[in-house]
Structure formats: structure tokens, C-alpha cells
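*Asks:* Would you mind keeping the following structure in view while I ask a few things?
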Amino acid sequence: MLDKASLRQPGAILLVSCYELGHQPIGLALPMGFLVQAGYAPASLDIAVEKVDLERITQARFVGISVPMHTALRLGIRVAELVRETNPSSHICFYGLYASLNAEYLLNDVADSVIGGEYEAPLVQLIEALERGESLANVEGVSHRGRIAGPYLKRLPFAVPNREGLPALERYAHLERDGAQHVVGYVEASRGCLHSCLHCPIVPVYEGRFFIVPQEVVLEDIRRQVLAGATHITFGDPDFLNGPGHSLGIVRAMQAEFPRVTFDFTAKIEHILKHRSIFPELGSLGCVFVISAVESFSDLVLAKLEKGHTRADVFDALEIVRQAGITLRASLVPFTPWDAR
């Protein structure tokens, strides 16, 4: 049992990020916003840019490890093993996209609890249950030894991400453009995805659902990062055009307040084709590039992956973004069972 005072003390809750593609981790900032709003004083540790701090680990009574992707999961397991060795009485929770996908493995090995999907509200409820000494069986969306819960897929009353105590933006990825280095901020305007591409880890968690983050929350997060030095914003949504009206509203408001701030986002090829009419405006609002999971130029492979586009569609999308003054950056699957070698 964790007594109430122990989890209300500064540093008693430690959130750890291991890898977020070179960005300041929103996987820490978002839950920290929820926890601060609930009256806690969490500490943070980003081992992508910080040395592992044993003092922070030994002080913590609750350690939450953010695992939004596979690399973060592998590194997070090593962090959890270190926590278990140096602070065996602490509660270890894995949360994020790859947490629920690997719940059974994590609970059998190093985790006390696991949360997937829209994890912030269950994370707060988990900590509240622990400090009251209550059973975790009544905390919706939380897997623990003896129960595997599905991902939590309910709309949240979003708090503004809290980035206090995180390493400075200058320590993360920069955009090189026109011979200059630009400090990059990172936000999410939506989570989950409407689509069901067979290779995507989002699909088995969100099952075709997506959730928008309220415009005022996203804009306040952008505002704070611009004040911290960001001159470019990456929208990390799985697909920024799942909700094109919502996304356009955000970048229009951002451009009105910060006309010199540029941005990038990720979108499916089929969304580029479907929403081709908005790309000239996106270019005028400061979009520098679009990332798209092209994955392959083989129509056979694309059909097997149920990508929703063809080889010819890729070249049509390329022309759409080029005409808008935007660069298309494609990601590709290096190998599939259908490739001839």
C-alpha cells in the first residue's frame, strides 16, 4: 500500500520517456498536465537526452514508462529492470500504444500495471487507487497481474501538456532549411486513426477510431513551445487529415498568431488525393513538408497491406503537394514477404 502523502510529494511520481523520434516527449508532457491538474507533482526523465538519474529513480514511489513505439518499449524494459533492482518497492506502470499490445509479456516480466489507448485518465485513476490502498480491479482500462484490460477508448477532458522540467527544446531535433537550423516543437491534434492498414500498430489498439485534442489545448501547447524558442511545429498525429476541418482550424489560428512559424504533418496518400483542394492553403499557411507512409511502389505489396492507394496514386499525390510548394517525404517498408529478392 502506498500512503497518500508519499504520492503527493514532489518526485514521488516519476514519468520516464525513452524515445520519441527526437522530439521533446509529449508522452511525458500530456500525462504530466493531467497529474498536475489532479494535484500531483510528478518528476520526469527522458533518457533519450538525459543520463539515467538514480536519485530520481530511488525517490520515486510510482514509475510510469512511456512506450509509444517499439524502440521505446525495448529501452523501457531495460529502465524497468533498473528500477526493480534499485527501488524494488516502487510501482512500475507501462503506458502508451505499445503497452497494451504487449501487456501479457510486460506483466509477466517487469510491470505492475499497463495502460493503452487514451491512457491519461486511467493513469490518474490508477495513482489515486494506489494512494488509497484500493484494489486495481475497479480501475477501468488498467491491466495488472490477474487481469488483462483492453485499451481505454473514451474521450478525455484534456489538460494542456505540462512541459515544466523537461529538457529544453534546443536539445531535440532541429529542422534544417535554407541553411538555417530551426528549433522544432511537437504537438498532437488527434490520436488514433480511422483506417486499418494491416502493418500498423495503431489499428489493433484503436480499431478504426480517432479522438481529437481540443483546439484550445493544442494552440496553448504551441504557444508555450513558441515562447520556449520553437520556430517550426511537427504535428505528430497518426494522420493529420483524419479530421481536416479540425486540423485546418488549428493551423489557421497558429498562422494568425505566429505567421513565421512553419509546420509539417503526416497523412495517408489517399487523404492527400481526397483533400487535394486544401493543399494550396496548407502551403500558404507554412506547411514545409508532409510525411506519408507510401511503404512500397509495388501494387501487389500495397494491396496486401491494404494501404488504400496504388503506385500511380503516389505520383499523383507527389504532384499535388509540389504544386502547393510542399515537399513529400515518403516512408517505405524495406522488406515484405512479397518482395522478390
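*Asks:* Gaussian network model of the chain, Cα springs within a sub-10 Å range: biggest mean-square fluctuation belongs to which of R163, R56, R191?
*Replies:* Among R163, R56, R191, the largest mean-square fluctuation in the Gaussian network model of the chain belongs to R56.
*Asks:* Go through segment 234-338 and name the chymotrypsin sites (Phe, Trp or Tyr not before Pro) that are in a DSSP coil and have 14 or fewer other Cβ atoms within 10 Å of their Cβ.
*Replies:* Details: sites: F235, F240, F263, F265, F289, F297, F315, F335, W338; in loops: F240, F297, F335, W338.
Listed in order of number, the matching sites are F297, F335, W338.
*Asks:* Calculate how many DSSP beta bridges within the chain are antiparallel, expressed in % of all such bridges and rounded to the nearest 5.
*Replies:* Details: 11 of 45 bridges.
Once the DSSP bridges in the chain are tallied, antiparallel ones form about 25 percent.
*Asks:* How would you rank V261, V333, going from fewest to most other Cβ atoms within 10 Å of each one's own Cβ?
*Replies:* Values: V261 20, V333 15.
By the 10 Å Cβ count, ascending: V333, V261.
*Asks:* Another one. Among D313, D237, D53, determine the one that fluctuates most according to a GNM of the chain built with springs between C-alpha atoms less than 10 Å apart.
*Replies:* Most flexible of the set in this elastic network: D53.
*Asks:* Moving on to the next point. Which trypsin sites (Lys or Arg not before Pro) in segment 240-283 sit in a loop by DSSP (not H, G, I, E or B) and have at most 13 other Cβ atoms within 10 Å of their own Cβ?
*Replies:* Numbers: sites: R252, R260, K268, K274, R276; in loops: R260, K268.
Counting only loop positions with at most 13 other Cβ atoms within 10 Å, the trypsin sites (Lys or Arg not before Pro) in segment 240-283 are R260.
*Asks:* Return the loop-located trypsin sites (Lys or Arg not before Pro) in segment 84-159 (DSSP other than H, G, I, E, B) with at most 12 other Cβ atoms within 10 Å of their own Cβ; answer none if there are none.
*Replies:* Details: sites: R84, R132, R145, R147, K154, R155; in loops: R145, K154, R155.
Answer by residue number: R145, K154, R155.
*Asks:* Further question: Given the options G308, G33, G179, state which has the largest fluctuation in a GNM of the chain using a 10 Å cut-off (strictly under) for Cα springs.
*Replies:* G179
*Asks:* May I pose another question? Which is farthest toward the positive dipole end of segment 4-144 among H144, S89, V16, measuring Cα position about the Cα centre, with Cβ charges +1 (Lys, Arg) and -1 (Asp, Glu)?
*Replies:* In segment 4-144, that residue is S89.
*Asks:* Which ordering of H182, H70 is given by a fewest-first count of other beta-carbon atoms within 10 Å? Please list the in-between numbers first.
*Replies:* Details: H182 17, H70 14.
Least to most surrounded, the residues fall as H70, H182.
Rule-based calculations on the coordinates, nothing more; no lab input. All of these numbers come straight from a predicted model, not from anything done at the bench. Cβ atoms come from the backbone with ideal geometry, glycine included; neighbour counts cover every protein chain shown.
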